[in-house]
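Asks: Pasting a structure here, questions to come.
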Ligand code: TYM
């Protein structure tokens, strides 16, 4: 079975609908016919300052949410990045293969360092995409399920894989991004031309998976809609309504033209009211299941330990090849 790999940062108390619809739902689906490795990217999280206690809590919350949404630890290795040291080790080797200018072209660094200025950003934030390349290449996956914002990092990953393979010996598989067009960029409910983002969106612009269901419902009902009154998918002219239709369609499995027809001659208000109900029905059991899992820390820790063991075995094999090929002396 082909491998898939992906990661998510534990930088919020809850995942949001962008994470879920853009990536995590595909993680769950891909489990069926692939061999999955899914991890919580705590090494990536510390590229910006984190409170240690909060980081630890959020890591466990992330694990609980992944299980609650249907990641099955008997099929998927789920693990915490820092528990598999090969990520950082391969990261170093790949940093030495990356051009400074090449790293500079990564747009996420430009966006994320824009606020405090480049001088205030950590070097880790700058080299972040190279660590991401290491995360991926260690497992030689066929697919990496992510949202649109990760596409550039996947391109860098492929470039580095190819460079290593041609400089030394074929070692890495070139991974394909797995990005579903319909949900590749879920946008902010209050600012529907920007992506829904834990760092950039206002609380009312984000639907959190773990919000109280009535809070989520309220956010949907107060989403910004567009001028006019016709419920029609048009990302250019009607970004707000189109985003709501995307979420509606993704959660119910109903096609967008079908929804457009249902709301023909009705207003945005009806659409929002119905979607709010769909969202409540979806988040209520998810939230309950996550909270239940969070009550059993022993189980969560055990799942993560097992995941790290499975991942570590694969990662160690790849790193051994890499160290050998770059010319590091064998440890005897
Ligand atoms: P992160 O933690 O920011 O987000 C996790 C996943 O959610 C997707 N996503 C979205 N998709 C659609 N619409 C949105 N508004 C939206 N917001 C977030 C992201 O594309 C991502 O797939 N660098 C990664 C974490 C990472 C990783 C990796 C991913 C580290 N190493 C290796 C894949 C492979 C990140 O910060 O994702």
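Asks: What does the C-alpha gyration tensor say about the overall shape of the range 124-265? Classify as rounded when a/c is under 1.5, otherwise prolate if a/b is larger than b/c, or oblate.
Replies: Prolate shape, in that a/c is at least 1.5 and a/b is the bigger ratio.
Asks: Between residue 29 and residue 200, what FRET efficiency follows from the Cβ-Cβ distance if R0 is 30 Å, with the result rounded to 0.05?
Replies: Once the sixth-power term is evaluated, E becomes 0.60.
Asks: Would you mind telling me which residue in 167, 289, 75 has the biggest mean-square fluctuation in a Gaussian network model of the chain, where springs connect alpha carbons within a distance under 10 angstrom?
Replies: 167
Asks: In what order do 53, 195, 218 fall by count of nearby beta-carbon atoms within 10 Å, going from fewest to most?
Replies: Lowest count first: 53, 218, 195.
Asks: For the chain, what does the alpha-carbon gyration tensor say about shape, rounded, prolate or oblate, given a ≥ b ≥ c as the root eigenvalues, a/c under 1.5 as rounded, and a/b over b/c as prolate?
Replies: Cα axes put the chain in the prolate bin.
Asks: Next question, about the same structure. Under a 10 Å cutoff between Cα atoms, tell me which one of 164, 15, 37 has the largest fluctuation in the Gaussian network model of the chain.
Replies: Answer for the Gaussian network model of the chain: 164.
Asks: Okay, next question. Return the single residue from 77, 68, 182 with maximal mean-square fluctuation; model: Gaussian network over the chain, springs between Cα atoms under 10 Å.
Replies: Answer for the Gaussian network model of the chain: 182.
Asks: Something else about it: Going by a ≥ b ≥ c, the root eigenvalues of the Cα gyration tensor, does the range 30-92 fall in the rounded group (a/c under 1.5), the prolate group (a/b larger than b/c) or the oblate group?
Replies: Oblate, because a/c is 1.5 or more while a/b does not exceed b/c.
Asks: May I pose another question? Suppose we keep just the DSSP beta bridges with both residues in the chain; what percent of those would be antiparallel, to 5?
Replies: Beta bridges within the chain, antiparallel portion: roughly 20 percent.
Asks: Rounding to the nearest 10 and keeping the result within 0 to 90°, find how far the Cα-based axis of helix 52-68 lies from the longest principal axis of the chain.
Replies: With rounding to tens, the tilt is 70 degrees.
Asks: Helix 151-167: angle to the longest alpha-carbon principal axis of the chain, degrees 0 to 90, nearest 10?
Replies: Result, in degrees: 20.
Asks: Using Cβ counts within 10 Å as a stand-in for footprinting exposure, how do 299, 143 rank, fewest first?
Replies: Neighbour counts put them in this order, fewest first: 299, 143.
Each reported figure results from applying straightforward, stated rules to the coordinates on display, with no laboratory input. This structure is a prediction, so every number in the text was calculated from the model and none was measured. As a convention, Cβ positions derive from the backbone with ideal geometry for all residues, glycine included, and neighbour counts pool all protein chains shown.
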